[in-house]
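Note sheet for the following structure.
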Amino acid sequence: MKSLAKLNFKIICHLMGLLLMVNGGFMLLSAIVSWYYKDGVLNEMLLAGAVSLGVGGVVMLLTKNHRKEIQKREGYIIVAFGWVFMALIGTLPYIFTAAIPNFTNAFFETMSGYTTTGASILTDIEALPRGVLFWRSITHWIGGMGIIVLAIAILPLLGIGGMQLFAAEAPGPGGDKLHPRITDTAKRLWLIYVGYTLAETLLLKLAGMSFFDAINHSLATLSTGGFSTKNASVAYWNDSPIIQYIIMFFMFLAGSNFVLSYFAFKRKFQKIFQDEEFKLYSFFILGLTLIAALLIYFEANVSLSAINHPMVWGPFESAIRHSLFQVLSIITTTGFVSADYTLWTPFLTIFFFGMMFLGGCAGSTAGGIKVMRHLIMIKNGVLEFKRTLHPHAILPVRYNSKAVPQPIVFNILGFFILYMLSFIVGTLVFSWLGLDFKTALGGAASTLGNVGPALGDLGPVNNYASLPDAAKWWSSFLMLIGRLELFTVLILLTPFFWRNR
């Protein structure tokens, strides 16, 4: 077709090669971990890195003479297929080391890592070689960095899901912007991302974690991924509240807009306190934590016994801590577990399920439906009542004291409708593949929202190993479209995308 001929395939392939080389570099870093801990899989990790670097290098060489120009169509293809190819080549460390010899399982685990979902098919995480565990955590961290680049540089240009609003606060010249060049903006946010990772690693080490556990949990926290080095996740440290509070603090930061962190370092605190999305994000966390804590505390016979650990600082502190931890973990879509919330009251099970449809802030590494979208939908809903009474009045939706263009409002409403339709279809497909109602419902919400823990057979203390292969592939697809803002992937499935204009 003529439209296919117009696509700049060389630059698409060139960037794919670059991604594979980045992958290979991190695989070699994981090989160094294998060498240091003498875990017996050094050669396999080196081979995986060499293959990824080799394939990526050859592709880049073959496409070095390309037009340095990316149109919208190429942008969609690069974003969507980039994640897929990264996940495909990312299976090599699992397969070569026989940590996950089954390709379907390896792809599921890798896609879960890159999309920072944190859903796992592994039944004995602690038995894995250290190099493989580090690679597993690194996939989160790469995915988290990628999301920052998407939010800053690519999605606003493609007009995805109202991200133009976030673009107004990030790249481009102007008084409220970070820097006049997108690349410099991304560099500054990456620096914050790396700095937070190192800071959390140091604090967790000082709090009593081993260095290996500390760096892995930091990689998983800042990316809002949730892969742990322990079978019990963060519940392993239930007798060390300080460790859990440190992780909570960084989960909160990871779920907030990284641009606000930049403003904080520049001592522009007024911009933070005036940001409507940040205020609603904080309100959600505090309000939902209070409700959950009160229910846990007054249902102590059921709820605190379900936490199943010594209450180090008393029952009230324990109720507050576990409520705050689980609220943060789900809203930021990190997916760490400090307790099995499905053993708490039935109301709280539904309560946490509902949180899977929330998300972090725009410009964060969190998944789900961003708080900014909820805020604009709420404001638009309230204005609809006023428009009913005053049909001729001009009543624009305002965000951070600025009128939001109507196309962006429609885009956000369309995103929400498409998200809910995807959830419904996701649930139906899971049911068709043999999952019971609760498991299908929780699995669809969790994978689409990149949360990780779900309900039923996929609850916080279970994993996704029991799913049939078809359900694992379907989960991988839901993780991908949820992570890449739906439109980016789904538009590739439409015939008009490939037709000539």
Cross-link pairs beyond the 27 Å C-alpha cut-off, checked among 187/271; 230/266; 72/370; 271/379
230/266
Expected 222 nm ellipticity per residue - DSSP helices of 4 or more, -39500 (n - 2.57), all of the chain, to 500:
-21000 deg cm²/dmol
Can you spot the lysines whose alpha carbon is less than 19 Å from residue 64's alpha carbon? Ignore those fewer than 8 places along the same chain.
6, 10
Other-chain or far-sequence residues with amide H under 5 Å of residue 399's (modelled H):
404
Using Cα positions and a limit of under 19 Å, work out the aspartates and glutamates in reach of residue 472, with same-chain residues fewer than 8 apart set aside.
109, 124, 436, 457
Whole-Hz couplings from phi, Karplus 6.51/-1.76/1.60, listed for the range 324-341; x for Gly and Pro
4, 4, 6, 4, 4, 4, 7, 5, 7, 6, 6, x, 5, 10, 10, 6, 8, 5
Burial order of peptide ranges 76-83, 119-126 (average beta-carbon count within 10 Å, highest first)
76-83, 119-126
Taking the Cα centre of each part, how many Å lie between the range 94-111 and the range 224-266?
27
Lys and Arg at +1, Asp and Glu at -1: add these up for the other residues within a Cβ distance under 15 Å of residue 482 and post the number.
+2
The rounded separation in angstrom of the Cα centers of the range 464-482 and the range 355-400 is 31
Per residue, what accessible area does the chain have, given a 1.4 Å probe and all protein chains present, in Å²?
41
Tell me, what is the percent relative contact order of the chain, built from C-alpha pairs under 8 Å that lie six or more residues apart?
17
Within the range 178-295, what whole-number % of the accessible surface is contributed by carbon and sulfur, with the 1.4 Å probe and all protein chains included in the calculation?
70
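The values are calculated or read from the model by the stated rules, or taken from the named source; none is laboratory data. Source: prediction; values computed, not measured. Cβ coordinates were reconstructed from backbone atoms using ideal geometry, including for glycine residues, and neighbour counts include every protein chain displayed. Ligands, DNA and RNA are stripped out before the accessible areas are found, and what is left, the full protein with its side chains, is counted by its heavy atoms. Shrake-Rupley method; radii C 1.70, N 1.55, O 1.52, S 1.80 Å.
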